[in-house]
Amino acid sequence: MNSQLDGIEMFVAVVEAGGFRAAGKQLGVSGAAVSQALRRLEERLGVALVQRTTRSVRLTQAGERLYAAVRPALREVQAAIVAVGEMADRPRGMLRLNVSSAADGFLSGATLGGFLKRFPEVRLDITVSNQPADIVARGYDAGVWLGEVIDQDMITVPVSEQIRLIVVGTPGYFARHPAPAHPRDLAAHECLNWRPGSDQAPYRWEFTENGHDFSVAFEARVVTNEPVLNLRLALAGVGLALAREEVARPYIERGELVAALEEFSTPFPGFYLYYPARRQASPALRALIDYLLQLRQSR
């Protein structure tokens, strides 16, 4: 008697690969075998899961519901299988990470290179992104993001010092525009802003006054999802950018940039490596955590 789970992995592969032939390549079988397995699954369930065309497949409403329900569970099963296979004393296997593009220290060649040299049997699959991801649903072992965006039910390990954002512009810009005396004055300036993605609102610049945090809104001259571009435009004299102090400080010391509103800029928690509390860390992830902690202690 066939199990109700037969064909589920192939169904998910078809959805994510976009077709039977591509799914078959991923699974090491023919496209025809994938199609037959999916048809048997549909017959057992008594409902069509996909609409077949000569070039692609499309999910039916039932298919969308099934995919949404089984994908996270399948990720957990796959993660459990990997974890069981990595239960040797020596860390080994694949470690999948979702990392903020702004986590410069973690993404430096020295940090990751040192880890890989120490643990030659560990492999890394790193996705660098401007937007946080659901690491459980997407099958990542861990993520590296700012502490303020990490869910409270995650286990966190600090990988950076506190971060301070400061407003910067060129001497030439301030020669044309009087420096703002208060954050509310930014509305009268050419500001260069950032947002994680095209479907998300621009970042509201945050400041502190008399122990109270507040944010300001303005119509930016430029909005981009790449903070480095904002700094480059600020260096070109286009306007004011909000930059991390450690990134902007060398330009300030060389006289290429001038900081403004520093008395309103206070540090906040930096980047953390995080992973689900309910999932036991694999030997490879445990090795990465211990390595990062040792790095911090040695500084």
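The values are calculated or read from the model by the stated rules, or taken from the named source; none is laboratory data. The structure displayed is predicted, hence computed values, not measured ones. Here the Cβ positions follow ideal geometry from the backbone for every residue, glycine too, while neighbour counts run over all protein chains shown.
Things to note:
- Verdict on LEU186 being closer than 19 Å to LEU233 by Cβ, touching a residue at least 40 places away in the same chain (Cβ under 8 Å) and assigned to a strand (DSSP E or B): no
- Across region 1-47, the qualifying residues are those that are among the hydrophobic types (A, V, I, L, M, F, W, C), part of a loop (DSSP other than H, G, I, E, B) and over 21 Å from PRO72 (Cα atoms), and the one among them that is modelled with the lowest pLDDT is MET1.
- Screening TYR272 on (1) surrounded by fewer than 20 Cβ atoms within 10 Å (Cβ to Cβ); (2) of a type in the set (Ser, Thr, Tyr); (3) touching a helix residue (DSSP H, G or I) at 6+ places or on another chain (Cβ under 6 Å) shows it passes everything except condition (1).
- The residues listed here are VAL247, VAL223; of these, the one that is closer than 16 Å to ARG164 by Cβ and among the β-branched types (Val, Ile, Thr) is VAL247.
- Evaluation of GLN61 against (1) polar (S, T, N, Q); (2) more than 21 Å from the chain's Cα centre (by Cα); (3) surrounded by 13 or more Cβ atoms within 10 Å (Cβ to Cβ) (one fails), failing number: (3)
- Looking across region 137-153, the residues that are surrounded by fewer than 18 Cβ atoms within 10 Å (Cβ to Cβ) and either at pLDDT 90 or above or among the hydrophobic types (A, V, I, L, M, F, W, C) (or both) come down to ALA137, LEU146, VAL149.
- With respect to the stated conditions, TYR173 is in contact with a Leu (Cβ under 9 Å, 6 or more places away or on another chain) and either in the same structural domain as LEU146 (by the TED database) or in a helix (DSSP H, G or I) (or both).
- Subset tally (residues that are in contact (Cβ under 8 Å) with a residue 24 or more places away in the chain and crowded, with 20+ Cβ neighbours inside 10 Å) for region 20-40: 4
- Just so you know, in region 248-265 the residues that are surrounded by fewer than 16 Cβ atoms within 10 Å (Cβ to Cβ) and either in contact with a helix residue (DSSP H, G or I) (Cβ under 8 Å, 6 or more places away or on another chain) or not assigned by the TED database to the domain that holds TRP194 (or both) include one that is nearest to THR170 (Cα to Cα), and it is GLU256.
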